[in-house]
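Structure, as structure tokens:
The values are calculated or read from the model by the stated rules, or taken from the named source; none is laboratory data. This structure is a prediction, so every number in the text was calculated from the model and none was measured. Every residue, glycine as well, gets a Cβ built from its backbone with ideal geometry; the counts of neighbours run over all protein chains shown.
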Amino acid sequence: MKRIYIYLCVLGGLLGMNLISPVFLMAQNKKQEAVLKVYNWEDYFDKDAIKGFEEKTGIKVDLSTFDNEEEMFSEVQSHLEDHDVIIVSSDILSQMIEMRLLSELDLWDISNFKNINHRFINPKYDPGNKHSVPYMWGITGLVVNRSFIKENVDSWRSLWDVKYKGRTALLSDIDEVMSIGLLSEGYSFNSTDPMQLDAAAEKLLSQTNLISGYFDIKTVIKKVDDGKVWLAQAYNGDVMFAMQENKNLEFVVPKEGAPFWVDNFVISRDSKNKKQAIMFINYMLDPQVSAKNANYLWYANCNMAAAAFTNKEIINSSVLYPSEVTLQKCSLFFPQGGEEKRAQRVKIINKLWSQLQLRIGHQDK
């Protein structure tokens, strides 16, 4: 920062003496007009945070969005050079690292990394945080509309209850869907055992005549809020946000357990703006900026220094920050076994996903 300040002072003096050539000024303006391409979930940054970065650095942010990680993964694989910063969940991050789609990071360049809660440092999906910087975290559980369901709901198996036929929904994410198939059968959602995966697949195929469909999270929340769906798979942060307007909504962590996930900043391997990408990530880790995003999203923050600037209703929420007892029922998505077993799992669930979509007949509508 000191070097920038000195440079600006000198530049101001030179401008006052008319000693700066038009060519030099044009070169500087061109340099300042760098465009950083950011790929994120829809509505997953406070717009003022983006605006603040642009005003502070002179770097324009070109923000594009995706509805699910299957879409993101396909796009990044096909057009890696078209993206600089990407928001990637812990669910898929290790696979992207194995496929060498991401740049390695030098954490010394990210001074605000010191603000990250130790819980999220050196994760098993990215040892040493060599490729990722934590952003927000959450749990995938059940959202219940209590206007229509009065009885206790504490199990994933409730999604197979015939009395809710046509009034349930799942996320349009095969890993999330497979997780409830495995958990409802009493297995770990990280299983790579073919017999367990096949049993979970059969369980999910038997459900297709009971659910209304598979949808992105915004559609799930809208349907539950409107009363078209009474019970659904959902992310706790989105449920918490909806609860501010609809007090009849409730978030439940099922007794069988639930996926715990972390969304991360990463930089694509073929990024043309890696220096600017590092600047963006570091800016987003500033405590006040990070709190701005958390206050906008109503999500749990990986940035412990942001707590002082975060809405107390968020900090004190048991939906966003569950007790340690509840968290003990949750675990990160990280399939067991070596690369061969994980590849076999991917093959099984991709086949299942095609079968489920064919049976349901109206994916993402």
> Among the residues of region 195-224, how many are over 22 Å from the mean Cα position of the chain (by Cα) and either modelled with pLDDT under 95 or not in a helix (DSSP H, G or I) (or both)?
Replying inline: 7
> Among I360, I349, which is closer than 30 Å to E202 by Cα, touching a residue at least 12 places away in the same chain (Cβ under 8 Å), touching a strand residue (DSSP E or B) at 6+ places or on another chain (Cβ under 7 Å) and hydrophobic (A, V, I, L, M, F, W, C)?
Replying inline: I360
>> Quick check on V262: is it in contact (Cβ under 8 Å) with a residue 60 or more places away in the chain and among the hydrophobic types (A, V, I, L, M, F, W, C)?
In response: yes
> Going through region 55-69 one residue at a time, which ones are in contact with a helix residue (DSSP H, G or I) (Cβ under 6 Å, 6 or more places away or on another chain) and part of a loop (DSSP other than H, G, I, E, B)?
Replying inline: G58, I59
>> Among the residues that make up region 96-114, is at least one of them in contact (Cβ under 8 Å) with a residue 60 or more places away in the chain, surrounded by fewer than 16 Cβ atoms within 10 Å (Cβ to Cβ) and within 29 Å of I221 (Cα to Cα)?
In response: no
>> For region 70-91, which positions are surrounded by fewer than 20 Cβ atoms within 10 Å (Cβ to Cβ), part of a helix (DSSP H, G or I) and either touching a residue at least 40 places away in the same chain (Cβ under 8 Å) or not charged (D, E, K, R) (or both)?
In response: E70, F73, S74, Q77, S78, L80, E81, D82
>> Contact list please: Cβ distance under 8 Å, first residue in region 187-214 and within 17 Å of K341 (Cα to Cα) and outside the structural domain of K163 (by TED's automatic domain parsing), second residue at pLDDT 95 or above and surrounded by 22 or more Cβ atoms within 10 Å (Cβ to Cβ), pairs at least six apart or on different chains.
In response: none
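Tell me the residue from V177, V144 that is touching a Leu at 6+ places or on another chain (Cβ under 6 Å) and in a helix (DSSP H, G or I), please. Before you say what the answer is, go through the steps one by one.
Values: V144 fails: in a helix (DSSP H, G or I).
From the options V177, V144, the qualifying one is V177.
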> Counting only residues that are surrounded by fewer than 23 Cβ atoms within 10 Å (Cβ to Cβ), touching a Pro at 6+ places or on another chain (Cβ under 9 Å) and either polar (S, T, N, Q) or free of Cβ contacts under 8 Å to residues at least 24 places away in the same chain (or both), how many does region 135-161 have?
Replying inline: 2
>> Regarding region 73-92, can at least one residue be identified that is under 15 Å from the mean Cα position of the chain (by Cα), under 20 Å from L297 (Cα atoms), in the same structural domain as N303 (by TED's automatic domain parsing) and hydroxyl-bearing (S, T, Y)?
In response: yes
> Do we have S184 as within 22 Å of the chain's Cα centre (by Cα) and among the polar types (S, T, N, Q) here?
Replying inline: no
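Would you mind stating whether R100 is among the basic types (K, R) and in contact with a Phe, Trp or Tyr (Cβ under 9 Å, 6 or more places away or on another chain)?
Details: among the basic types (K, R): yes; in contact with a Phe, Trp or Tyr (Cβ under 9 Å, 6 or more places away or on another chain): no.
No, not satisfied.
Considering region 345-365 alone, what residues qualify as being surrounded by fewer than 16 Cβ atoms within 10 Å (Cβ to Cβ) and either of a type outside the set (D, E, K, R) or under 21 Å from the mean Cα position of the chain (by Cα) (or both)?
So in region 345-365, the residues surrounded by fewer than 16 Cβ atoms within 10 Å (Cβ to Cβ) come out as 346-347, 350-351, 354-355, 358-359, 361-365.
Across region 345-365, the qualifying residues are V346, N350, S354, Q355, L358, G361, H362, Q363, D364.
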>> I'd like to know if region 93-100 contains one or more residues that are touching an Asp or Glu at 6+ places or on another chain (Cβ under 7 Å), assigned by TED's automatic domain parsing to the domain that holds Y235 and closer than 30 Å to D198 by Cα.
In response: no
>> If the requirement is being in contact (Cβ under 8 Å) with a residue 12 or more places away in the chain, under 23 Å from I349 (Cα atoms) and surrounded by fewer than 20 Cβ atoms within 10 Å (Cβ to Cβ), which of these qualifies: K130, K124?
In response: K124
> Does region 92-111 hold any residues that are under 15 Å from S268 (Cβ atoms) and not in a helix (DSSP H, G or I), and which are they?
Replying inline: M99, R100, L101, L102, S103, E104, L105
